[in-house]
1. Do you know which of the residues in segment 341-371 that are within 16 Å of Ala31 (Cβ to Cβ), at pLDDT below 90 and of a type in the set (A, V, I, L, M, F, W, C) is surrounded by the fewest Cβ atoms within 10 Å (Cβ to Cβ)?
2. Report every pair of residues separated by at least 6 positions or lying on different chains whose Cβ atoms are under 6 Å apart, first residue within segment 22-34 and over 13 Å from Phe270 (Cα atoms), second open to solvent by 40 Å² or more (accessible area, probe 1.4 Å) and not in a helix (DSSP H, G or I).
3. Restricting to segment 372-385, name every residue that is out of contact with any Phe, Trp or Tyr (no Cβ under 9 Å at 6 or more places or on another chain) and either crowded, with 22+ Cβ neighbours inside 10 Å or at positive phi (or both).
4. Run down Thr311, Thr362, Thr324 and say which single residue is more than 24 Å from Ala281 (Cβ to Cβ), part of a helix (DSSP H, G or I) and not aliphatic (A, V, I, L, M).
5. Give the residue, chosen from Ala170, Ala148, Ala141, Ala161, that is of a type outside the set (Lys, Arg), at negative phi and open to solvent by less than 10 Å² (accessible area, probe 1.4 Å).
6. Can you go through Leu337, Leu313 and tell me which one is open to solvent by 60 Å² or more (accessible area, probe 1.4 Å) and either at pLDDT 95 or above or closer than 29 Å to Leu155 by Cβ (or both)?
7. Look at Ile75 and say whether it is part of a helix (DSSP H, G or I), open to solvent by less than 60 Å² (accessible area, probe 1.4 Å) and in contact with a Phe, Trp or Tyr (Cβ under 6 Å, 6 or more places away or on another chain).
8. Within segment 221-241, track down each residue that is more than 19 Å from the chain's Cα centre (by Cα), part of a loop (DSSP other than H, G, I, E, B) and more than 23 Å from Ser197 (Cβ to Cβ).
Amino acid sequence: MPGRLTLEFLKTETSAGLAPVGAAAIALILANSPLAGDYFALLAKPVAVQFGAFAQTSSVEAWVKDGLMASFFLIVGLEIKFEVLRGELSSPRRLATPILAAVGGMVVPALIYLAFNLGPGGAPRGWPTPTPTDIAFALAALSIAAPAIPASLRLFLLTLAIADDFGAVALIGVLYTAKIHWAALAGAAMVLALLASLSRVKRAPLLLYAVGFVLVWGCCLKSGVNTSVAGVACALTVPVGARRPGGESMVTLFMDALHPWVAYGVLPLFAFTAAGIPLRALTAHDVLSPVTVGVAVALLVGKPVGVFGVTALATGLRLGRRPTGSTWLELLGVAALTGVGFTMSFYLGGLAFRHDGALAQTEVRLGVIAGSLVSALAGAALLWRAGQARDGPEE
């Protein structure tokens, strides 16, 4: 059944959505406590990894971002592949509205960010930061605020967030690829070709896929291509069919195996390394900088305006249709939740300002935290109000 994976995904993703939030809160506490020195020293601690001819020394923070987060993008790629071939994205009728809404939800925030940052003191290069949606946090907030919301709206948010993820990966590949080392990139391409050929061997050992993933990741790390691209590229080589008749899809097999580790391990670790902001060192100028305000307003205002506005326009022009059984107020609440950028915005913001100093990183992270938290509260309030209106006045 095409929707089965989607429904299971909603269940597990919602339960894991608050784990990165808790990790981010711990990071903020540590970064502003007497243990701040130890916290930042841990993030900066160099760690050397060597396997044969492969050798790489990076900080703990860099290993989490360039190493562990590749597994997150592997799952993103698996989700996209399954949904396009077998799930919600395989139906053109269901696809039109959330895809158009996703485009609006990326373009409008980018324009709002640029409006704040094209003048003196601005940083236009950070425009991709407010474009994605943190699917785990958004779904968790939706589940808490509106447990009885129509299933069509949950699927609308999931589909939109998956499209957002696809757009984010495309931006990473196009905008944040460093100087390319062609030999390493050719090695990644060769391993990907071998992984693709395994799809014809239905009972190929799963260990071969795991080894192949690691090899592609290592080649991408050395090639200058962002390792998130390696995760998505590897996902596309996994066959959607089952290893044996009547068995589980290979895509769902990998997702079931990886999802708990990523949801409860990798994403909280990334939030822990990315959210530690020394608030005591901030001035009013830092808090109100074009980067901070631009990211926060783009998430809080740009995302819902883009998502809700394009959905209303598509519905009016009959290019798409509103999710079945939903009200406009419920749709506005869901649109507000798409402003929860959180881990995805942390990731893109870190890439956009990777060559800047600590202050620029702090400003973008502060904007992400402020915009995401207020978006979650605004979305929850709108959904609660919509639930009250749906229930009607008490007699």
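The values are calculated or read from the model by the stated rules, or taken from the named source; none is laboratory data. Computed from a predicted model, the values in this text were never measured in an experiment. Cβ placement follows ideal geometry from the backbone for every residue including glycine, while neighbour counts extend to all protein chains displayed. Keep in mind that these areas ignore ligands, DNA and RNA; they rest on the heavy atoms of the full protein, side chains included. Shrake-Rupley method; radii C 1.70, N 1.55, O 1.52, S 1.80 Å.
1. If we take residues in segment 341-371 being within 16 Å of Ala31 (Cβ to Cβ), at pLDDT below 90 and of a type in the set (A, V, I, L, M, F, W, C), then Ala358 is surrounded by the fewest Cβ atoms within 10 Å (Cβ to Cβ).
2. These pairs meet every condition: Ala31/Pro278.
3. Ser375, Gly379, Leu382, Leu383
4. Thr311
5. On the way: Ala170 fails: open to solvent by less than 10 Å² (accessible area, probe 1.4 Å); Ala148 fails: open to solvent by less than 10 Å² (accessible area, probe 1.4 Å); Ala141 fails: open to solvent by less than 10 Å² (accessible area, probe 1.4 Å).
Step by step, each of Ala170, Ala148, Ala141, Ala161 is checked, and only Ala161 is of a type outside the set (Lys, Arg), at negative phi and open to solvent by less than 10 Å² (accessible area, probe 1.4 Å).
6. Leu313
7. no
8. Gly224 - this is the single residue of segment 221-241 that is more than 19 Å from the chain's Cα centre (by Cα), part of a loop (DSSP other than H, G, I, E, B) and more than 23 Å from Ser197 (Cβ to Cβ).
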